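None of the figures in this text is laboratory data; all of them are computed from the coordinates on show. A quick note: this is a predicted structure, and the numbers were derived from the prediction, not measured. Positions of Cβ are backbone-derived with ideal geometry, glycine not excepted, and every protein chain shown enters the neighbour counts.
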Amino acid sequence: LDRLHGPDTLEDLSFAALRARAEDESRTLRDGYGRIVLGEGPEDAPLMIVGEQPGDEEDRQGRPFVGPAGQLFDRVAEGAGLDRRDAYVTNAVKQFRYRMKGKRRLHMPPNRTEIEHGRWWLETEIRLVTPRLILAMGATAAQALTGTREGLLKRRGQVEDTPYGPVFITVHPAWILRLRDAAEREAGEATLRADLSAVARLHA
Ligand code: URA
């Protein structure tokens, strides 16, 4: 992967330099944006899991997938025999994006520019971790890693070849949380569980 681009490159390609950059950029934040939340997990993990962007809880804790979507992910992954502690877990976009409603910070999905900006961080993490397989959860991760967000439900459950290596596509846990009735949510969970089982087998 030598097509790394972005605001600029790091002086030294290391997690220490990346963390320092994240702290630095998090000191001056525009209204409506949270701090840079980097991924976490083994720095040489064979599997990288990529979500959309941090939510309110992730921004508060400075860790990916610790809010409601993360809890759902953890539960479904456990049922699928996939332990997130074996994977490097991160997001396509590194900052929570929100608008205020009273005292609440309401999540806003990332736009194209934000996905482009996030790519520098994501590519740097991929270069550092060099995973054998990347799991893209949801349309934003699919767009960042494959160049298109279209047709996710038809593409899920399969591996696509990308400049970043093989990328397995699945749905986003937050999508399941937004489904209206219990039967739909159960079917959504079954879909995610089936995909995570396939990933657990692929990377075993
Ligand atoms: N939490 C994250 O860290 N990423 C998501 O995509 C959703 C919730």
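Annotation for Ala200 and Arg104: the two label points, set 7 Å from Cα along the Cα-Cβ direction, are 3.4 nm apart. For the pair Glu11 and Glu57, the difference between a 0.36 nm per residue extended length and the Cα-Cα distance amounts to 13.4 nm. Put simply, the chain fits an ellipsoid with semi-axes of 25, 21, 15 Å; these come from the alpha carbon gyration tensor as the roots of five times its eigenvalues, largest first.
When Phe15, Phe73, Phe65 are arranged by Cβ crowding within 10 Å, least crowded first, meaning fewest neighbours, the order is Phe15, Phe73, Phe65. With R₀ fixed at 25 Å, the C-beta to C-beta distance from Thr148 to Glu43 puts the FRET efficiency at about 0.30. Straight-distance candidates among the aspartates and glutamates for linking to Lys154, with alpha-carbon spacing under 15 Å and chain neighbours fewer than 8 residues away dropped: Asp195. A dipole drawn for the chain from +1 and -1 charges on Cβ atoms has a positive end, and of Met100, His203, Ala80 the residue lying farthest that way is Met100.
Mind putting a number on the dipole of the range 83-204 about its Cα centre? Charges go on the C-beta only, +1 for Lys and Arg and -1 for Asp and Glu, and I need it in Debye to the nearest 20.
Numbers: 22 positive and 14 negative charges, 135 e Å.
So the dipole magnitude of the range 83-204 works out to roughly 660 debye.
Helical runs (DSSP H, four residues minimum) scored at -39500 (n - 2.57) apiece and divided by the length of the chain put the mean residue ellipticity at 222 nm at -13000 deg cm²/dmol.
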